[in-house]
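Each remark here refers to the structure printed beneath this line.
The values are calculated or read from the model by the stated rules, or taken from the named source; none is laboratory data. Nothing here was measured: the structure is a model prediction, and the numbers come from that model. Here the Cβ is made from the backbone with ideal geometry for all residues, glycine too, and neighbour counts use every protein chain on show. Accessible surface areas use protein heavy atoms only, side chains included; no ligands, DNA or RNA. Shrake-Rupley method; radii C 1.70, N 1.55, O 1.52, S 1.80 Å.
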Amino acid sequence: MSITAVKGFRDALPEAARLLSRVETAALEILARYGFAEIRLPIVERTELFARAIGESTDIVEKEMYTFPDRDGTLLTLRPEGTASLVRAYVEHHLDQRDAIGRFSYVGPMFRHERPQKGRHRQFYQVGAELIGREDPLSDAELLLALWDVLDEVGIQGASLLLNSLGDAQCRPQYREVLRVFGEAHRAELCENCKRRLEKNPLRILDCKEPGCRAATTDAPHLVDHLCAPCAAHFGRVRELLDAEGVSYELDWRLVRGLDYYVRTTFEVLGPGLGAQSAIGAGGRYDGLVAQIGGPQVSGIGFAFGVDRLVLALQASNPDVESEIAAEMAPELFIAPLGAAAEAAALTVARRLRQAGMRIELDGGRSLKSLMRRADKLKARHVMILGEEELAQRRATMRDMEAKQDRKLAVDIDLTGDELLAAVGARRSA
Ligand code: AMP
(Lines give C-alpha, C1' and ligand atoms only; values in the text may rest on other atoms or scores of the structure.)
Protein backbone atom coordinates (compact mmCIF):
# COMPACT_ATOMS: atom_id res chain seq x y z
CA MET A 1 0.00 0.00 0.00
CA SER A 2 1.34 3.44 -0.87
CA ILE A 3 1.95 6.02 1.82
CA THR A 4 -0.08 9.20 1.68
CA ALA A 5 0.21 12.54 3.45
CA VAL A 6 -1.32 12.91 6.89
CA LYS A 7 -4.88 14.27 6.99
CA GLY A 8 -4.87 18.08 7.09
CA PHE A 9 -1.24 18.25 5.94
CA ARG A 10 -1.07 19.10 2.28
CA ASP A 11 1.54 19.19 -0.40
CA ALA A 12 1.76 22.46 -2.28
CA LEU A 13 2.53 21.37 -5.84
CA PRO A 14 4.54 23.79 -7.99
CA GLU A 15 1.68 26.06 -9.10
CA ALA A 16 0.22 26.18 -5.58
CA ALA A 17 3.65 26.75 -4.06
CA ARG A 18 4.25 29.61 -6.48
CA LEU A 19 0.96 31.23 -5.46
CA LEU A 20 1.85 30.88 -1.78
CA SER A 21 5.23 32.49 -2.30
CA ARG A 22 3.81 35.22 -4.49
CA VAL A 23 1.48 36.18 -1.66
CA GLU A 24 4.18 35.89 1.00
CA THR A 25 6.66 37.95 -1.01
CA ALA A 26 4.12 40.71 -1.64
CA ALA A 27 3.21 40.82 2.04
CA LEU A 28 6.82 40.89 3.25
CA GLU A 29 7.65 43.61 0.72
CA ILE A 30 4.91 45.92 2.02
CA LEU A 31 5.82 45.12 5.61
CA ALA A 32 9.47 45.98 4.88
CA ARG A 33 8.35 49.39 3.62
CA TYR A 34 6.62 49.88 6.96
CA GLY A 35 9.87 49.03 8.70
CA PHE A 36 9.09 45.44 9.71
CA ALA A 37 12.21 43.29 9.52
CA GLU A 38 11.77 39.58 8.94
CA ILE A 39 12.65 37.26 11.76
CA ARG A 40 12.83 33.45 11.51
CA LEU A 41 11.45 31.52 14.40
CA PRO A 42 11.57 27.83 15.28
CA ILE A 43 8.43 25.79 14.64
CA VAL A 44 8.78 23.95 17.94
CA GLU A 45 8.52 25.62 21.34
CA ARG A 46 8.07 24.49 24.90
CA THR A 47 4.39 23.81 25.49
CA GLU A 48 4.31 26.13 28.49
CA LEU A 49 4.99 29.11 26.22
CA PHE A 50 1.65 28.73 24.48
CA ALA A 51 -0.18 27.77 27.64
CA ARG A 52 1.08 30.96 29.24
CA ALA A 53 0.83 33.32 26.26
CA ILE A 54 -2.34 32.20 24.53
CA GLY A 55 -4.26 31.17 27.64
CA GLU A 56 -5.18 27.82 29.18
CA SER A 57 -8.87 28.06 28.43
CA THR A 58 -8.61 28.98 24.75
CA ASP A 59 -9.66 26.60 21.95
CA ILE A 60 -6.10 26.49 20.69
CA VAL A 61 -4.52 25.43 23.96
CA GLU A 62 -7.39 23.24 25.10
CA LYS A 63 -7.81 21.14 22.01
CA GLU A 64 -5.84 22.16 18.94
CA MET A 65 -2.16 21.90 19.78
CA TYR A 66 0.24 19.24 18.52
CA THR A 67 2.03 18.45 21.72
CA PHE A 68 4.52 15.65 22.31
CA PRO A 69 7.28 14.80 24.78
CA ASP A 70 10.86 15.21 23.59
CA ARG A 71 13.22 12.29 24.28
CA ASP A 72 14.08 13.76 27.66
CA GLY A 73 10.43 14.18 28.54
CA THR A 74 10.20 17.96 27.94
CA LEU A 75 6.76 18.79 26.56
CA LEU A 76 7.05 20.42 23.16
CA THR A 77 4.43 21.89 20.84
CA LEU A 78 4.36 22.61 17.13
CA ARG A 79 3.59 26.31 17.11
CA PRO A 80 -0.08 27.11 16.55
CA GLU A 81 0.63 30.81 15.89
CA GLY A 82 3.55 33.21 15.65
CA THR A 83 3.10 35.96 18.23
CA ALA A 84 4.00 33.87 21.28
CA SER A 85 7.22 32.66 19.62
CA LEU A 86 8.12 36.13 18.48
CA VAL A 87 7.61 37.59 21.91
CA ARG A 88 9.63 34.73 23.41
CA ALA A 89 12.50 35.57 21.02
CA TYR A 90 12.14 39.27 21.80
CA VAL A 91 12.50 38.61 25.51
CA GLU A 92 15.20 35.95 25.19
CA HIS A 93 17.44 38.18 23.05
CA HIS A 94 16.69 41.39 24.97
CA LEU A 95 15.63 43.05 21.75
CA ASP A 96 14.23 45.99 23.72
CA GLN A 97 17.83 46.91 24.54
CA ARG A 98 18.70 47.18 20.85
CA ASP A 99 15.85 49.54 20.13
CA ALA A 100 12.93 50.53 22.31
CA ILE A 101 10.70 50.01 19.32
CA GLY A 102 10.78 46.72 17.46
CA ARG A 103 9.05 45.98 14.17
CA PHE A 104 9.21 42.38 13.05
CA SER A 105 7.61 40.28 10.36
CA TYR A 106 7.54 36.53 10.09
CA VAL A 107 6.27 33.89 7.72
CA GLY A 108 5.97 30.15 8.01
CA PRO A 109 3.86 27.12 8.85
CA MET A 110 1.58 26.91 11.87
CA PHE A 111 -0.09 23.77 13.22
CA ARG A 112 -3.55 23.31 14.70
CA HIS A 113 -5.53 20.13 15.10
CA GLU A 114 -8.75 21.43 13.55
CA ARG A 115 -11.29 19.68 11.36
CA PRO A 116 -9.92 20.11 7.82
CA GLN A 117 -12.12 21.81 5.22
CA LYS A 118 -11.74 24.42 2.50
CA GLY A 119 -9.44 27.09 3.89
CA ARG A 120 -8.83 25.18 7.09
CA HIS A 121 -5.88 22.86 7.44
CA ARG A 122 -3.79 21.34 10.17
CA GLN A 123 -0.62 22.78 8.72
CA PHE A 124 -1.24 26.22 7.29
CA TYR A 125 0.87 29.27 6.62
CA GLN A 126 0.82 32.67 8.19
CA VAL A 127 2.55 35.92 7.43
CA GLY A 128 2.49 38.34 10.30
CA ALA A 129 3.79 41.59 11.71
CA GLU A 130 4.41 42.70 15.27
CA LEU A 131 5.10 46.22 16.49
CA ILE A 132 6.50 46.16 20.00
CA GLY A 133 7.23 49.14 22.24
CA ARG A 134 4.52 51.55 21.17
CA GLU A 135 1.18 52.06 22.83
CA ASP A 136 -0.06 55.19 21.10
CA PRO A 137 -3.07 55.03 18.78
CA LEU A 138 -0.88 56.19 15.89
CA SER A 139 0.89 52.83 16.02
CA ASP A 140 -2.44 50.97 15.88
CA ALA A 141 -3.49 53.02 12.87
CA GLU A 142 -0.16 52.49 11.14
CA LEU A 143 -0.29 48.73 11.68
CA LEU A 144 -3.82 48.63 10.29
CA LEU A 145 -2.71 50.59 7.24
CA ALA A 146 0.13 48.10 6.73
CA LEU A 147 -2.46 45.31 6.88
CA TRP A 148 -4.67 47.09 4.37
CA ASP A 149 -1.77 47.81 2.03
CA VAL A 150 -0.73 44.14 2.11
CA LEU A 151 -4.19 43.22 0.79
CA ASP A 152 -3.82 45.79 -1.94
CA GLU A 153 -0.35 44.59 -2.95
CA VAL A 154 -1.46 40.95 -2.97
CA GLY A 155 -4.34 41.98 -5.24
CA ILE A 156 -7.32 41.20 -3.05
CA GLN A 157 -10.51 43.11 -3.66
CA GLY A 158 -13.62 43.34 -1.57
CA ALA A 159 -12.08 42.52 1.81
CA SER A 160 -13.67 44.05 4.89
CA LEU A 161 -12.10 45.09 8.14
CA LEU A 162 -13.91 44.42 11.40
CA LEU A 163 -12.83 46.44 14.39
CA ASN A 164 -13.48 46.31 18.12
CA SER A 165 -11.87 47.34 21.36
CA LEU A 166 -11.48 44.80 24.15
CA GLY A 167 -10.66 47.35 26.82
CA ASP A 168 -7.87 46.71 29.27
CA ALA A 169 -7.22 45.43 32.79
CA GLN A 170 -9.15 48.45 34.13
CA CYS A 171 -12.42 48.08 32.29
CA ARG A 172 -12.58 44.53 30.92
CA PRO A 173 -13.05 42.73 34.26
CA GLN A 174 -16.08 44.93 34.98
CA TYR A 175 -17.55 44.27 31.56
CA ARG A 176 -16.78 40.58 31.94
CA GLU A 177 -18.89 40.54 35.05
CA VAL A 178 -21.73 42.47 33.38
CA LEU A 179 -21.64 39.96 30.52
CA ARG A 180 -21.45 36.99 32.85
CA VAL A 181 -24.56 38.16 34.67
CA PHE A 182 -26.30 38.67 31.32
CA GLY A 183 -25.18 35.19 30.24
CA GLU A 184 -26.43 33.61 33.47
CA ALA A 185 -29.85 35.10 32.82
CA HIS A 186 -29.83 33.36 29.40
CA ARG A 187 -28.05 30.22 30.57
CA ALA A 188 -30.78 27.85 29.39
CA GLU A 189 -30.45 29.10 25.78
CA LEU A 190 -26.67 28.65 25.61
CA CYS A 191 -24.82 25.62 24.23
CA GLU A 192 -22.87 23.37 26.60
CA ASN A 193 -19.62 24.94 25.51
CA CYS A 194 -20.87 28.43 26.30
CA LYS A 195 -22.23 27.36 29.66
CA ARG A 196 -18.69 26.34 30.48
CA ARG A 197 -17.32 29.55 28.98
CA LEU A 198 -19.54 31.58 31.28
CA GLU A 199 -17.31 30.64 34.17
CA LYS A 200 -13.93 30.69 32.49
CA ASN A 201 -14.11 33.13 29.62
CA PRO A 202 -17.58 34.70 29.27
CA LEU A 203 -16.54 36.97 26.37
CA ARG A 204 -16.42 33.90 24.15
CA ILE A 205 -20.22 33.52 24.32
CA LEU A 206 -20.32 36.49 21.93
CA ASP A 207 -18.45 34.81 19.10
CA CYS A 208 -19.97 31.33 19.44
CA LYS A 209 -21.24 30.18 16.04
CA GLU A 210 -24.24 28.23 17.45
CA PRO A 211 -27.48 29.87 16.24
CA GLY A 212 -29.01 29.46 19.71
CA CYS A 213 -26.13 31.30 21.35
CA ARG A 214 -26.21 34.03 18.73
CA ALA A 215 -29.90 34.56 19.34
CA ALA A 216 -29.42 34.52 23.11
CA THR A 217 -26.72 37.19 22.92
CA THR A 218 -28.40 39.53 20.42
CA ASP A 219 -29.11 42.04 23.15
CA ALA A 220 -25.94 41.45 25.13
CA PRO A 221 -24.16 44.54 26.44
CA HIS A 222 -21.35 45.77 24.18
CA LEU A 223 -17.81 46.13 25.42
CA VAL A 224 -17.32 49.45 23.58
CA ASP A 225 -20.02 50.93 25.82
CA HIS A 226 -18.10 49.84 28.93
CA LEU A 227 -14.62 51.10 28.08
CA CYS A 228 -12.80 53.20 30.66
CA ALA A 229 -11.95 56.76 29.59
CA PRO A 230 -8.37 56.05 28.40
CA CYS A 231 -9.49 53.00 26.38
CA ALA A 232 -12.37 54.94 24.85
CA ALA A 233 -10.04 57.82 23.92
CA HIS A 234 -7.51 55.40 22.41
CA PHE A 235 -10.13 53.67 20.32
CA GLY A 236 -11.65 56.97 19.22
CA ARG A 237 -8.28 58.22 18.00
CA VAL A 238 -7.52 54.99 16.10
CA ARG A 239 -10.85 55.36 14.32
CA GLU A 240 -10.19 59.02 13.54
CA LEU A 241 -6.85 58.19 11.97
CA LEU A 242 -8.35 55.36 9.88
CA ASP A 243 -11.20 57.62 8.80
CA ALA A 244 -8.71 60.30 7.78
CA GLU A 245 -6.90 57.75 5.61
CA GLY A 246 -10.16 56.60 4.06
CA VAL A 247 -9.89 53.04 5.38
CA SER A 248 -13.39 51.73 5.87
CA TYR A 249 -14.18 49.32 8.66
CA GLU A 250 -17.16 47.98 10.51
CA LEU A 251 -17.44 47.97 14.25
CA ASP A 252 -18.11 44.42 15.38
CA TRP A 253 -19.03 44.03 19.03
CA ARG A 254 -18.93 40.24 18.71
CA LEU A 255 -15.26 40.31 17.80
CA VAL A 256 -13.60 39.14 21.01
CA ARG A 257 -10.93 36.84 19.52
CA GLY A 258 -10.07 33.48 20.97
CA LEU A 259 -6.73 34.45 22.46
CA ASP A 260 -6.41 35.78 25.99
CA TYR A 261 -3.59 38.22 25.40
CA TYR A 262 -5.51 40.84 23.45
CA VAL A 263 -6.39 44.25 24.89
CA ARG A 264 -7.85 47.39 23.33
CA THR A 265 -7.78 47.37 19.52
CA THR A 266 -8.67 44.04 17.95
CA PHE A 267 -9.58 43.35 14.37
CA GLU A 268 -10.30 40.74 11.78
CA VAL A 269 -10.26 40.85 7.98
CA LEU A 270 -12.87 38.98 5.98
CA GLY A 271 -12.06 38.07 2.43
CA PRO A 272 -14.05 37.25 -0.69
CA GLY A 273 -14.71 33.72 -1.93
CA LEU A 274 -14.03 31.79 1.24
CA GLY A 275 -17.41 30.57 2.43
CA ALA A 276 -17.42 29.58 6.08
CA GLN A 277 -13.73 30.23 6.63
CA SER A 278 -13.88 33.87 5.60
CA ALA A 279 -11.35 35.26 8.08
CA ILE A 280 -8.19 35.92 6.13
CA GLY A 281 -6.35 37.70 8.89
CA ALA A 282 -6.65 38.99 12.38
CA GLY A 283 -4.80 40.60 15.21
CA GLY A 284 -4.81 43.10 17.97
CA ARG A 285 -3.00 44.84 20.76
CA TYR A 286 -1.31 42.78 23.48
CA ASP A 287 0.10 45.22 26.01
CA GLY A 288 0.66 42.71 28.80
CA LEU A 289 2.09 39.82 26.81
CA VAL A 290 5.79 40.69 26.82
CA ALA A 291 5.81 41.01 30.61
CA GLN A 292 3.80 37.80 30.89
CA ILE A 293 6.56 35.96 29.03
CA GLY A 294 9.11 37.37 31.47
CA GLY A 295 10.16 40.49 29.59
CA PRO A 296 9.88 44.19 30.28
CA GLN A 297 6.53 45.95 30.58
CA VAL A 298 6.19 47.03 26.94
CA SER A 299 3.18 47.26 24.67
CA GLY A 300 2.69 45.47 21.43
CA ILE A 301 0.29 45.12 18.53
CA GLY A 302 0.32 42.72 15.62
CA PHE A 303 -1.56 40.76 13.04
CA ALA A 304 -1.31 37.54 11.10
CA PHE A 305 -2.74 36.70 7.71
CA GLY A 306 -3.51 33.13 6.77
CA VAL A 307 -1.53 32.75 3.54
CA ASP A 308 -3.64 29.84 2.27
CA ARG A 309 -6.74 31.99 2.67
CA LEU A 310 -5.07 35.00 1.06
CA VAL A 311 -4.49 32.73 -1.93
CA LEU A 312 -8.19 31.75 -2.03
CA ALA A 313 -9.17 35.41 -1.75
CA LEU A 314 -6.75 36.30 -4.51
CA GLN A 315 -8.22 33.61 -6.76
CA ALA A 316 -11.67 35.03 -6.09
CA SER A 317 -10.47 38.58 -6.82
CA ASN A 318 -8.49 37.77 -9.93
CA PRO A 319 -9.76 34.94 -12.15
CA ASP A 320 -6.64 35.31 -14.32
CA VAL A 321 -4.19 34.60 -11.55
CA GLU A 322 -3.79 30.94 -12.50
CA SER A 323 -2.87 31.77 -16.07
CA GLU A 324 -0.54 34.51 -14.87
CA ILE A 325 1.24 31.96 -12.71
CA ALA A 326 1.38 29.47 -15.59
CA ALA A 327 2.94 32.15 -17.81
CA GLU A 328 5.48 33.01 -15.13
CA MET A 329 6.43 29.37 -14.84
CA ALA A 330 6.65 28.59 -18.56
CA PRO A 331 10.15 28.62 -20.03
CA GLU A 332 11.08 31.74 -21.94
CA LEU A 333 13.21 29.61 -24.18
CA PHE A 334 13.31 25.91 -24.88
CA ILE A 335 16.62 24.68 -26.27
CA ALA A 336 16.43 21.62 -28.47
CA PRO A 337 19.83 20.18 -29.36
CA LEU A 338 20.16 17.33 -31.82
CA GLY A 339 23.19 15.12 -31.39
CA ALA A 340 26.03 14.94 -28.90
CA ALA A 341 28.05 17.94 -30.13
CA ALA A 342 24.96 20.13 -30.23
CA GLU A 343 23.99 19.00 -26.74
CA ALA A 344 27.33 20.12 -25.33
CA ALA A 345 26.98 23.48 -27.06
CA ALA A 346 23.39 23.79 -25.86
CA LEU A 347 24.47 23.22 -22.28
CA THR A 348 26.91 26.13 -22.58
CA VAL A 349 24.41 28.45 -24.26
CA ALA A 350 21.68 27.57 -21.77
CA ARG A 351 23.93 28.23 -18.83
CA ARG A 352 25.06 31.62 -20.10
CA LEU A 353 21.49 32.67 -20.74
CA ARG A 354 20.40 31.42 -17.33
CA GLN A 355 23.23 33.36 -15.73
CA ALA A 356 21.96 36.40 -17.61
CA GLY A 357 18.52 35.83 -16.06
CA MET A 358 16.56 33.85 -18.60
CA ARG A 359 14.28 30.95 -17.73
CA ILE A 360 15.36 28.06 -19.93
CA GLU A 361 14.28 24.49 -20.43
CA LEU A 362 16.94 22.27 -21.95
CA ASP A 363 16.07 18.85 -23.19
CA GLY A 364 17.87 16.35 -25.38
CA GLY A 365 18.44 12.80 -26.42
CA ARG A 366 15.38 12.57 -28.60
CA SER A 367 13.96 13.49 -31.95
CA LEU A 368 13.18 17.03 -32.98
CA LYS A 369 9.53 16.08 -33.23
CA SER A 370 9.32 14.89 -29.65
CA LEU A 371 11.34 17.88 -28.39
CA MET A 372 8.96 20.25 -30.17
CA ARG A 373 5.99 18.45 -28.69
CA ARG A 374 7.34 18.98 -25.23
CA ALA A 375 8.22 22.65 -25.88
CA ASP A 376 4.64 23.13 -26.99
CA LYS A 377 3.27 21.42 -23.91
CA LEU A 378 5.40 23.60 -21.65
CA LYS A 379 4.12 26.66 -23.54
CA ALA A 380 7.64 27.83 -24.23
CA ARG A 381 7.59 31.17 -26.01
CA HIS A 382 10.57 30.41 -28.23
CA VAL A 383 12.52 27.32 -29.20
CA MET A 384 16.18 27.33 -30.15
CA ILE A 385 16.98 24.40 -32.42
CA LEU A 386 20.62 23.41 -32.48
CA GLY A 387 21.29 20.67 -35.01
CA GLU A 388 24.61 19.59 -36.46
CA GLU A 389 24.17 21.79 -39.48
CA GLU A 390 23.38 24.81 -37.32
CA LEU A 391 26.34 24.06 -35.11
CA ALA A 392 28.71 23.84 -38.09
CA GLN A 393 27.56 27.29 -39.14
CA ARG A 394 27.41 28.57 -35.55
CA ARG A 395 23.85 29.56 -36.34
CA ALA A 396 20.87 28.25 -34.44
CA THR A 397 17.31 28.26 -35.69
CA MET A 398 14.93 30.21 -33.50
CA ARG A 399 11.28 29.37 -33.66
CA ASP A 400 8.65 31.75 -32.35
CA MET A 401 6.05 29.36 -30.98
CA GLU A 402 3.24 31.88 -31.13
CA ALA A 403 3.96 33.24 -34.57
CA LYS A 404 5.12 29.78 -35.74
CA GLN A 405 8.00 31.41 -37.58
CA ASP A 406 11.58 30.28 -37.97
CA ARG A 407 14.47 32.67 -38.19
CA LYS A 408 18.15 31.97 -38.40
CA LEU A 409 20.16 33.42 -35.60
CA ALA A 410 23.91 33.60 -35.11
CA VAL A 411 24.73 31.80 -31.92
CA ASP A 412 28.34 32.19 -31.02
CA ILE A 413 28.75 30.17 -27.89
CA ASP A 414 31.65 32.36 -26.88
CA LEU A 415 29.38 35.37 -26.50
CA THR A 416 28.73 36.51 -22.94
CA GLY A 417 25.38 35.82 -21.36
CA ASP A 418 24.15 39.37 -21.87
CA GLU A 419 25.26 39.41 -25.48
CA LEU A 420 23.53 36.09 -26.02
CA LEU A 421 20.44 37.44 -24.37
CA ALA A 422 20.41 40.44 -26.69
CA ALA A 423 21.05 38.18 -29.67
CA VAL A 424 18.34 35.71 -28.77
CA GLY A 425 15.88 38.56 -28.19
CA ALA A 426 13.32 36.11 -26.97
CA ARG A 427 12.50 37.53 -23.61
CA ARG A 428 8.85 37.33 -22.75
CA SER A 429 8.62 41.08 -22.45
CA ALA A 430 10.24 41.53 -25.90
P1 AMP B 1 -5.50 33.45 14.39
O2 AMP B 1 -4.06 33.22 14.75
O3 AMP B 1 -6.43 32.40 14.86
O4 AMP B 1 -5.94 34.84 14.66
O5 AMP B 1 -5.56 33.28 12.81
C6 AMP B 1 -5.06 34.24 11.91
C7 AMP B 1 -5.39 33.81 10.52
O8 AMP B 1 -4.75 32.57 10.23
C9 AMP B 1 -6.86 33.52 10.29
O10 AMP B 1 -7.55 34.70 9.99
C11 AMP B 1 -6.81 32.57 9.13
O12 AMP B 1 -6.69 33.29 7.91
C13 AMP B 1 -5.54 31.81 9.36
N14 AMP B 1 -5.85 30.50 9.96
C15 AMP B 1 -6.09 30.20 11.24
N16 AMP B 1 -6.30 28.89 11.41
C17 AMP B 1 -6.19 28.33 10.19
C18 AMP B 1 -6.31 26.98 9.69
N19 AMP B 1 -6.55 25.95 10.49
N20 AMP B 1 -6.14 26.78 8.37
C21 AMP B 1 -5.88 27.82 7.54
N22 AMP B 1 -5.76 29.09 7.95
C23 AMP B 1 -5.91 29.34 9.26
Subject >> Cβ-defined net charge surrounding Val178, 14 Å radius [Lys, Arg +1; Asp, Glu -1] >> reply: -1
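Given R₀ = 22 Å, what would the calculated FRET efficiency be for Trp253 paired with Ala12, taking r from the Cβ atoms and rounding to 0.05? Intermediate values should be presented prior to the final figure.
Working: r = 37 Å, r/R0 = 1.69.
Taking R0 as 22 Å, the efficiency between Trp253 and Ala12 is 0.05.
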**OP:** Could you check what % of the DSSP bridge pairs in the chain are antiparallel, to the nearest 5?
**Re:** 80
Subject >> Glu199-Ser370 FRET efficiency (beta carbon distance; Förster radius 41 Å; 0.05 resolution) >> reply: 0.05
Subject >> Extension gain, Gln297 back to Arg187 (0.36 nm per residue minus Cα-Cα distance, nm) >> reply: 35.8 nm
Original post:
With the calculation restricted to Cα positions, what are the radius of gyration and Dmax of the chain in angstrom?
Top reply: 27.7, 93
Subject >> Prolate/oblate/rounded label for segment 186-280 (Cα gyration tensor, a/c 1.5) >> reply: oblate
Subject >> Pairs of Lys in the chain closer than 17 Å at Cα, counting only those 8 or more apart or on different chains >> reply: 9
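Within the accessible area of segment 358-430, what % is carbon and sulfur when the probe is 1.4 Å and the other protein chains stay in place? Spell out each step's value before the answer.
Numbers: 2060 of 4280 Å².
Accessible surface attributable to carbon and sulfur in segment 358-430 totals 48 percent.
Per residue, how many Å² of accessible area does the chain show with a 1.4 Å probe? Present the calculation step by step, with values, prior to reporting the outcome.
On the way: 20420 Å² over 430 residues.
Dividing the accessible area of the chain by its residue count gives 47 Å².
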Subject >> Length gained when the stretch Glu240-Glu324 is fully extended (0.36 nm per residue, less Cα-Cα span) >> reply: 26.4 nm
**OP:** Choose one of Ala346, Ala375, Gly387: the residue whose Cα lies farthest towards the positive end of the charge dipole of segment 313-421 (beta-carbon charges +1 Lys, Arg; -1 Asp, Glu; about the Cα centre).
**Re:** Gly387
**OP:** Starting from the Cα of Ser160, step 7 Å along the direction of its Cβ; do the same at Ala232; then give the gap between the two resulting points in nm.
**Re:** 2.7
Subject >> Alpha-carbon centroids, segment 35-63 and segment 108-187: separation in whole Å >> reply: 15
Subject >> Contour minus Cα-Cα distance for Ser57 and Ser2 (0.36 nm per residue) >> reply: 15.8 nm
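Give me the tail of P(r) for segment 1-72 as a percent: Cα-Cα pairs with distance above 17 Å.
Details: 1773 of 2556 pairs.
Summing the P(r) tail past 17 Å for segment 1-72 gives 69 percent.
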Subject >> GNM top mover of Glu64, Glu142, Glu419 - the chain, alpha-carbon springs below 10 Å >> reply: Glu419
Subject >> Modelled FRET efficiency - R0 22 Å, Arg214 with Val44, Cβ distances, 0.05 increments >> reply: 0.05
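Less than 9 Å Cβ to Cβ from Ile335, Lys/Arg counted +1 and Asp/Glu -1: what total charge do the surrounding residues give?
-2
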